[in-house]
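I have placed the structure first, in the form of structure tokens, so that the comments after it can refer back to it.
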Amino acid sequence: KQEVTQIPAALSVPEGENLVLNCSFTDSAIYNLQWFRQDPGKGLTSLLLIQSSQREQTSGRLNASLDKSSGRSTLYIAASQPGDSATYLCAPTPGNQFYFGTGTSLTVIP
Amino acid sequence: NAGVTQTPKFRILKIGQSMTLQCTQDMNHNYMYWYRQDPGMGLKLIYYSVGAGITDKGEVPNGYNVSRSTTEDFPLRLELAAPSQTSVYFCASSSRPENTEAFFGQGTRLTVV
């Protein structure tokens, strides 16, 4: 069974800082890994999807990396903004389903 | 496209009552999922479907039932509601989970009293 851990559980940073969120998973036999954003009381929105054959994926100020063999992924957020405040979840996908970590709650202070 | 639509958004049930959470998607996705999210916990998979007429259990299926008669709809049935089923329920869909993103509904917040 895939176990997903996200560190830190919560993070508070001043606006403009660059930051890194970490995700580790126990089963490296995955097709891809997604990073999602969840705003309070809302559903999840996919931010980035990295295929198992890729090392990095970028979208705007977001950059996600994947090291499948070591079971690790990171989400790098550049020049953070208050609008980035949300919970970020990673989800490795071994096949038919998605496994989720408990997320990192990010607060960006103006 | 509306994406994934869940109804209702909120519901309070009494212990022992039954209800159906509705989920529909307009993206012609074959894969659909039901997750529950409890405070401080990750999302746990209840049931999923890889196409019309095909469903399978996830990690926490007890107390729930599903059906998939069409590509668009994937309702989740709660029989004999229990306080342990108090949670936020999310429906999701994907065309091919091995290489495409998943889309989530806005969630149904259920309280069993």
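The values are calculated or read from the model by the stated rules, or taken from the named source; none is laboratory data. From a predicted model like this one, the values you see are computed outputs, not experimental measurements. Here the Cβ is made from the backbone with ideal geometry for all residues, glycine too, and neighbour counts use every protein chain on show. The area values use the complete protein model at the heavy-atom level, side chains included, leaving out ligands, DNA and RNA. Shrake-Rupley method; radii C 1.70, N 1.55, O 1.52, S 1.80 Å.
All conditions but one from (1) more than 9 Å from chain B (Cβ to nearest Cβ); (2) not in a helix (DSSP H, G or I) apply to residue A:1; the one that does not is (1). Is at least one residue of the stretch B:6-21 within 14 Å of chain A (Cβ to nearest Cβ), of a type in the set (Val, Ile, Thr) and crowded, with 22+ Cβ neighbours inside 10 Å? Looking through the stretch B:6-21, none of the residues is within 14 Å of chain A (Cβ to nearest Cβ), of a type in the set (Val, Ile, Thr) and crowded, with 22+ Cβ neighbours inside 10 Å. Every condition in (1) part of a strand (DSSP E or B); (2) open to solvent by 20 Å² or more (accessible area, probe 1.4 Å) is met by residue B:32 except one, and the failing one is (2).
Residues checked against (1) surrounded by 15 or more Cβ atoms within 10 Å (Cβ to Cβ); (2) aliphatic (A, V, I, L, M); (3) touching a Gly at 6+ places or on another chain (Cβ under 8 Å); (4) not in a strand (DSSP E or B):
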site	(1), (2), (3), (4)
B:36	yes, no, no, no
B:62	no, no, no, yes
B:69	no, no, yes, yes
B:80	no, yes, yes, yes
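With respect to the conditions (1) more than 11 Å from the chain's Cα centre (by Cα); (2) without any contact (Cβ under 8 Å) to a residue 40 or more places away in the chain; (3) more than 21 Å from residue B:2 (Cβ to Cβ); (4) crowded, with 18+ Cβ neighbours inside 10 Å, residue B:47 falls short on a single one, namely (1).
A quick yes/no check of all residues on (1) modelled with pLDDT of 95 or more; (2) within 14 Å of chain B (Cβ to nearest Cβ); (3) farther than 19 Å from residue B:100 by Cβ; (4) open to solvent by less than 10 Å² (accessible area, probe 1.4 Å):
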| residue | (1), (2), (3), (4) |
| --- | --- |
| A:15 | yes, no, yes, no |
| A:21 | yes, no, yes, yes |
| A:41 | no, yes, yes, no |
| A:55 | no, no, yes, no |
| A:73 | yes, no, no, yes |
| A:84 | yes, no, yes, no |
| A:88 | yes, yes, yes, yes |
| A:100 | no, yes, no, no |
| A:107 | yes, no, yes, no |
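For the stretch B:83-113, the set of residues classified as at pLDDT 95 or above, in a loop (DSSP other than H, G, I, E, B) and exposed (fewer than 14 other Cβ atoms within 10 Å of the Cβ) consists of B:113 only. Annotation: of all residues in the stretch B:95-108 being small (Gly, Ala, Ser) and within 8 Å of chain A (Cβ to nearest Cβ), the one that is farthest from the chain's Cα centre (by Cα) is B:102.
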